[in-house]
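Written below as C-alpha cells is the structure these notes are about.
None of the figures in this text is laboratory data; all of them are computed from the coordinates on show. The model shown is predicted, which means the values in this text are computed figures rather than measured ones. Every residue, glycine as well, gets a Cβ built from its backbone with ideal geometry; the counts of neighbours run over all protein chains shown.
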C-alpha cells in the first residue's frame with residue numbers, strides 16, 4: 001500500500017520556556033517496519049522539515065469555558081496546508097503520530113483536515129497519546145478510522161495486511177477502530193509485547209530530513225556533534241503513578257544485545273556521519289553486566305563517538321566502575337530522574353528511588369567529569385510545603401556535589417497514568433470540553449499552567465518555581481564560580497553544557513522570531 005506517515009507540527013504557547021524538538025524516533029521505527037513489509041512510504045516530519053517556522057495557529061475549533069490568551073498559540077513547523085500539499089495523491093493510508101497530549105487539539109484538527117482533503121485515504125493514528133485516549137480520539141474526530149495502541153511495529157503491518165485483503169479489523173490485535181454503524185470506538189484484544197527486540201527492523205531514517213536535523217540541531221542532547229537517537233531497551237519495569245508508560249508498554253522490560261546496538265551505531269556513522277547518539281530509553285541502565293558489556297565493546301572497537309542519556313535514568317547501577325566505563329566509552333551527559341527530594345512523595349508516586357544511593361551515584365558520575373542533569377517535578381497531588389522544602393534541600397545537595405542543570409516541570413497529568421485516572425475520578429479533570437487539553441499547552445509557561453494540588457495555592461507554586469531554580473543555580477554558581485563564566489561563554493559560542501543553557505538559547509531565539517512576527521503581546 002501507499003502509506004504517508006506524518007509527524008504533526010507542535011502547538012505551543014509563544015511564552016513557553018521549553019522549546020526542545022527531537023527526531024521522530026518512534027515514527028522512524030514504524031517506517032522501518034513498513035519498509036520491511038514491502039509498502040511504499042512517504043514521511044512528512046512537519047517539525048524536522050522546518051523547526052524554526054512559527055505561524056499563527058489560525059481558527060482552531062475549540063470547546064472551552066476558561067479565559068486564556070488564545071492569540072498566544074502558534075504552530076511550530078509546517079502548517080496543515082503545507083503538509084497536505086506534500087502528501088502524494090496516490091496515498092491510500094495516512095498515518096499520524098500522536099505522541100503528546102498537549103498537542104492533541106492540533107492533532108485532532110489535522111486528522112480531520114487531511115481526512116477531508118484525501119477522502120479516499122484511510123486515516124490512522126498511533127503513539128503514546130492515542131494509546132491512552134483512543135476512545136476520546138475517535139469520539140472527537142470524524143475522519144480517524146483506526147488507533148494503533150502500544151508498540152506499533154507488528155500492529156501496523158498486520159493492520160495494513162487486513163486492509164489490503166479487506167478482512168475484518170476485529171481480527172487485528174492492539175487497535176481501536178471506528179464502528180461504521182455507531183461511530184463509537186471498538187477495542188480489539190491487547191497485543192502481546194514484542195520480546196525479541198533485536199528482530200525489530202531498524203528505524204528507516206532515509207525517509208526523514210536527517211540533514212535538517214543536523215542543520216537546525218533537532219535533538220534532545222546538548223552536544224554540537226551530528227546526532228541521532230537510539231533505543232537500547234523497550235519498556236520500563238516500574239509503575240510510577242505520573243507516567244503513562246505502563247499503559248503504553250506494560251511493565252515488561254527487554255534489552256537489546258549490545259552488539260546489535262553497536263552495529264546500528266556503526267551503520268548510522270557510515271551512512272549519515274553521526275558521531276553522537278542520544279539514548280531515548282525510559283530506563284536505559286538497569287543491569288550492570290549489560291552496561292559493562294556494552295561499554296567494553298565500544299572501548300575495544302575504539303569507536304570515535306560520544307553518547308548521552310538525556311531522557312532520564314535510574315541510579316542503582318551507576319557505581320564507580322560503571323561511571324568510569326561510561327566515560328571511557330564516550331558518554332558525556334547523564335540525566336537522573338529523581339522527580340522529588342521528598343521520601344514521602346517518592347513512595348506515593350511509586351518511584352522506588354533511594355535518595356542517598358542516587359546522591360552517591362551522582363558523585364561517581366561527577367568524578368568522571370560527565371555533565372549531570374536532573375529531571376524534577378513540583379505540583380504533584382498530596383505534596384506539602386514540607387515536601388517542597390525537602391526537594392529544595394535535595395537540590396542544594398546535588399548542586400554541592402556538582403550537578404550541572406535541572407529540568408523543572410510543573411506536574412501535569414498524562415492520560416493513561418494512574419494519577420490521571422485518579423484526578424478524573426475525583427472530578428478534578430473534566431473531559432466534557434477542551435479545557436484540560438488546552439491547559440496542557442500552557443504547562444511550560446510560567447504562571448499559566450494548571451495546578452492539581454489543593455493544599456498549596458497556585459501563587460505559592462509560582463513562588464516555589466522561581467525559588468527552586470534560584471536556589472539551585474545560585475548555589476551552583478557559588479559552589480562552582482567558573483560555571484557563570486561558562487554560561488556566558490556557551491551562550492555566545494552555542495556550545496551548551498546542560499539543558500538550561502540549551503533551553504535558554506532556544507527560548508531567546510524563538511522569542512525573537514515571535515516578536516518579529518507580532519505573534520505575542522509586546523512588552
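Before moving on, here are some points about what is shown:
- With a simple spin-label model that places each label point 7 Å from the Cα along the Cα-to-Cβ direction, the separation between residue 304 and residue 62 comes to 5.1 nm.
- Length available on full extension from residue 2 to residue 263: 0.36 nm per residue minus the Cα-Cα distance, which gives 91.0 nm.
- Residue-averaged 222 nm ellipticity for the chain, from DSSP H runs of 4+ at -39500 (n - 2.57), nearest 500: -12500 deg cm²/dmol
- Spin-label zone in the stretch 417-436 - amide nitrogen under 19 Å from a point set 7 Å from the Cα of residue 382 along the C-beta vector: 417-429
- Gain on full extension, evaluated as 0.36 nm per residue between residue 494 and residue 179 minus their Cα-Cα distance, stands at 108.2 nm.
- Treating each Cα of the stretch 1-96 as an identical point scatterer and summing with the Debye formula, the log10 of I(q)/I(0) at q = 0.13, 0.16, 0.17, 0.20 Å⁻¹ comes to -0.54, -0.75, -0.82, -1.00.
- Once the Cα-Cα distance is subtracted from the 0.36 nm per residue extended length, the residue 466 to residue 297 segment shows a gain of 56.5 nm.
- Gyration tensor verdict on the stretch 60-158 (Cα atoms; rounded if a/c is under 1.5, prolate if a/b is larger than b/c, oblate otherwise): oblate
- Globularity index of the stretch 2-187 is 1.00 (Cα radius of gyration / 2.2 N^0.38 Å, N = number of residues).
- Using C-alpha pairs under 8 Å with a sequence gap of at least 6, the mean separation divided by the residue count of the stretch 1-160 gives a relative contact order of 27 percent.
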